1. Output the qualifying pairs, or none if there are none: Cβ atoms under 7 angstrom, residues six or more apart or on different chains, first residue in segment 169-181 and free of Cβ contacts under 8 Å to residues at least 24 places away in the same chain, second residue buried (at least 17 other Cβ atoms within 10 Å of the Cβ) and not β-branched (Val, Ile, Thr).
2. Quick one: which strands (runs of 3 or more DSSP E) lie wholly within segment 42-158 and hold at least 3 residues that are under 22 Å from SER199 (Cα atoms) and in contact with a strand residue (DSSP E or B) (Cβ under 6 Å, 6 or more places away or on another chain)?
3. Output the number of residues of segment 28-78 satisfying the condition of being among the small types (Gly, Ala, Ser), in contact with a His (Cβ under 9 Å, 6 or more places away or on another chain) and in contact (Cβ under 8 Å) with a residue 60 or more places away in the chain.
4. Take the conditions surrounded by 14 or more Cβ atoms within 10 Å (Cβ to Cβ) and within 16 Å of LEU231 (Cβ to Cβ) and apply them to PHE251. Does it pass?
5. Which of the residues belonging to segment 108-132 are closer than 13 Å to CYS159 by Cβ and surrounded by fewer than 21 Cβ atoms within 10 Å (Cβ to Cβ)?
6. Taking the conditions exactly as written (touching a strand residue (DSSP E or B) at 6+ places or on another chain (Cβ under 7 Å), within 28 Å of CYS78 (Cα to Cα) and charged (D, E, K, R)), does ASP187 satisfy them or not?
Amino acid sequence: MSPSPQTVGIFLIPGFALMSYASVVEPLRAANLLAGKDLYRWVHVSPGPEMIAASCGATVPCMAKSGDALNLDLLLVCAGGNPTAFKDRKTLQWLRSLAARGLRIGGVSGGPVILAKAGIMDGHHMTVHWEHAPAVAEAFPNIMLTRSIYIVDRNRLTCAGGTAPLDMMHALIAEAHGPDLARRVSDWFMHTDIRPAQSSQRASLAERHGIHDERLTAALELMESHPGDPLKRGETARRIGLSTRQLDRLFSEKLRRSYSEHYRQIRLERARDLLRQSSIAITEIALGCGFSSASHFSRAYREAFGITPASERRAV
């Protein structure tokens, strides 16, 4: 059992996700309350400003800033919005120095992107919110990225955000103070279905599309795994053991759209994530999402979303 209290630094990036933040700090508060003593202390840290606003506009006062000499047991970086745009050199260097000292460091929601930008995730498995995953995969091809809700890999913790920190904090409280207290904390928040770390971040394809045909699900999995080099209808049909006519019928009857129409939507949605979450050139995004040219991509994008790729990026 770990000695108490532990001090947790919660590093807030402007535009952080309030739900992710609450899912981190509230279990710490509940653990203290239910234990009847201070097992945890926490300090809010910022890149500089004394007040940091969440994406919803709520603000949190921060008593410390990056570079300060803090006696921490754990630092968790909480980010949202577009974390790839974060470029504060002082913060990134501070994270590198803390990592070099062996501090346990984690990221929540978009926070793992900040850790990757600091260069402290090399050789570690990590996860990140599914919205940021395409941009992370493009920007950091050497990182071992998974789609789990959270991962604890030695002294690095990464979490997809949303309500997933409730599951991660359950594991951390159990690690330090035993499973009974962790269960009581989870019960306090009516979080009775504790998910294992490797749980999926999103509903299954069958649930998302309201389908129950294993052949169609297999086809969709293939399509989503090949957004940049789209598979021909015949190739997809061959891999799942159907004729092209049978494949066409499945899409028409179950999804009310053609194979090519659905595939284009998959590629456009991936492109939108990259436009919003990365600084990759629009032409590179077009080619990386299977479009023959930037002009072809722009026309398709405007038709689907009512805005050009350039306007989408400017809006972000």
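1. Hits for this filter: ALA174/ALA182.
2. Numbers: elements: 51-53, 59-61, 74-79, 104-109, 150-153.
The qualifying strands (runs of 3 or more DSSP E) are 74-79, 104-109, 150-153.
3. Just the residues of segment 28-78 that are among the small types (Gly, Ala, Ser), to begin with: 30-31, 35-36, 46, 48, 53-55, 57-58, 64, 66-67, 69.
From the residues that got through so far, the ones that are in contact with a His (Cβ under 9 Å, 6 or more places away or on another chain) too are 31, 35, 64.
With the extra rule that they be in contact (Cβ under 8 Å) with a residue 60 or more places away in the chain, the set shrinks to 31, 35.
Within segment 28-78, residues that are among the small types (Gly, Ala, Ser), in contact with a His (Cβ under 9 Å, 6 or more places away or on another chain) and in contact (Cβ under 8 Å) with a residue 60 or more places away in the chain number 2.
4. Against the criterion (surrounded by 14 or more Cβ atoms within 10 Å (Cβ to Cβ) and within 16 Å of LEU231 (Cβ to Cβ)), PHE251 qualifies.
5. HIS125, TRP130, listed by residue number.
6. Details: touching a strand residue (DSSP E or B) at 6+ places or on another chain (Cβ under 7 Å): no; within 28 Å of CYS78 (Cα to Cα): yes; charged (D, E, K, R): yes.
Spelling it out, it is not the case that ASP187 is touching a strand residue (DSSP E or B) at 6+ places or on another chain (Cβ under 7 Å), within 28 Å of CYS78 (Cα to Cα) and charged (D, E, K, R).
For every residue, the table says whether it meets (1) farther than 16 Å from ALA176 by Cα; (2) more than 22 Å from the chain's Cα centre (by Cα); (3) outside the structural domain of ASN155 (by TED's automatic domain parsing).
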| residue | (1), (2), (3) |
| --- | --- |
| ILE10 | yes, no, no |
| TYR21 | yes, no, no |
| LYS37 | no, yes, no |
| ARG41 | no, yes, no |
| ALA53 | yes, no, no |
| LYS65 | yes, yes, no |
| ASP73 | no, yes, no |
| LEU76 | yes, no, no |
| GLY80 | yes, no, no |
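The values are calculated or read from the model by the stated rules, or taken from the named source; none is laboratory data. Not measured: the values here are computed from a predicted model. Please note: Cβ atoms are built from the backbone with ideal geometry, for glycine as well, and neighbour counts cover all protein chains shown.
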